[in-house]
1. I need the peptides 289-295, 72-78, 424-430, 41-47 ranked by packing, meaning the mean over residues of other C-beta atoms within 10 angstrom, with the highest value on top.
2. Quickly rank 432-439, 356-363, 18-25, 299-306 as a protection proxy: mean count of other C-beta atoms within 10 Å, highest first.
3. Taking the Cα centre of the range 356-456 as the origin, how large is its charge dipole in debye, to the nearest 20, when only Lys and Arg (+1) and Asp and Glu (-1) carry charge on their Cβ atoms?
4. Using only the alpha-carbon atoms of the range 327-394, report the extent along each of the three principal axes, biggest first, to the nearest angstrom.
5. Can you order the peptides 157-165, 271-279 by their average number of other Cβ atoms within 10 Å per residue, highest first?
6. If the cut-off is 29 Å between C-alpha atoms, which lysines fall inside it for K337, apart from same-chain ones fewer than 8 positions away?
Amino acid sequence: MELTEPEYPERIPLAMLLVNNPHGDVLVCGYGTHLPKAQSIGVGEFLRPYIRDNTPANYLLQYKSRELTFEGFSGGAVYSMVANAVVGLQIESSDQSDQVLAMPLSRIPEFWEELTSVAQYGARGQCVVLVPADSDDRLYDEIIKPVLDDLHLDTYVSTKGATDPGDLEKLDVADIVIADATLDDAFVTRELTLAQGLGTPDIVVRSGVPPSRPDRIHSSVLYLQTSEPATARTALKARLLQAMDLYDAVGELVSQNPITSFFGVPLTQVSAANALALGYFENFVSPVGHALGLVAVGTDIVIKVDDEVVDARRFTSIALQVVLPTRLDWATEGGSKMRRQLQKTAVQVASVNSTALSRERRLSALRGWEDSERLTLLDIFPTTMATLIDSIDERFADRHDRGGEYWRAIERKEIDRFSRGVSRRIRTDRFDASPLQLEEICTVVTFSEAFPDFQA
């Protein structure tokens, strides 16, 4: 994209990024006589991906902002201050709330492919392709690989007729798995089962046409005809985008996998992060979040900051943020040094107690609450996550040193699994006793999102 107007040489086009899950604050420029200025700028905070009616075609980005809930911002470019690029277009807002929706630019190439020539893809991650020993190479060479290249996914093809250590390493860090189930292959089945146990989204494909008998067709299996490669590539790309968009938004796929359906039971989640996320949600996030949600109805909740009781009813909103560590050792006792640094500049010691809680819960409060209508409480680096260090060591101590490149890759994946597990339960929780649902109170954020200006 190039500007050729000579009168404005100082104007340069904004960078554009095709990404499904941006982070941090955004800027939107609005136009219209009803705005404070003919050209106004508003700031918003990214909350989460949003899928309306559980339809992938309605994949949107949800922001929080009181400044952007005016008609003049509709259609405005959503500029990410983290990525330094435009990531979407604002499409919907209401002056009755502070929620704003935007369409991500990543959806536009489905309708206008030329956008990819001027925009950059965000990191989409890695795809592992599971292939049987006697597979038809055309399925991968002519259909699967071109689609993965087009979506900027790094690709790893599993070993044919075996499962070697390299296959297991790649499955551990995979963002999505494609399994070729054209032929019966025990190694493909084993590795697909492992991917399911790790909670990794997957797509099962078969070469050829669907069976003529409807009762032998599994709705989740994608049939790809090598005789019609262009049609097959289009179908695979659509399924990949659907799978990755859904997983980004809700942390799991809504369709059943054939392996899971065959056994009739959910497969064991082999990642310790999945179990820890459930325990942390049940024992901390849910009870504390529900207690905070009852403030509006006048419960006996007691909130203290620096050991002084604060009047919770004077705040228009009270939020609970789970701040994830960038490294797992931040969640150990060794991470207390960083917490002390934060207390000097960014947070204060806080606590929450109530008859609904079994005991007082220690938290932190974001500074500046005294002059604000919003109180933000934080659980910084949940200590339960430290257990993941030993879990990783037990799995790979014989081949990998702690802190090595592969160990760090597994660490990032486990932190992501923990984040998705907690976020998914927050999103689906329902609490009838409170006027607010848990997803309106609790969020899971990264360290850089919670403290963008902090220098460790």
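1. Descending packing order for the listed peptides: 289-295, 72-78, 41-47, 424-430.
2. 18-25, 299-306, 432-439, 356-363
3. In debye, rounded to 20, the range 356-456 gives about 300.
4. 47, 32, 15
5. Ranked from most to least packed, the peptides come out as 271-279, 157-165.
6. K304, K413
We did not get these values from a lab; they are worked out from the coordinates using the rules stated. Computed from a prediction, not measured in an experiment: that's the story for all the values here. In this analysis, Cβ positions are derived from the backbone assuming ideal geometry, glycine residues included, and neighbour counts consider all displayed protein chains.
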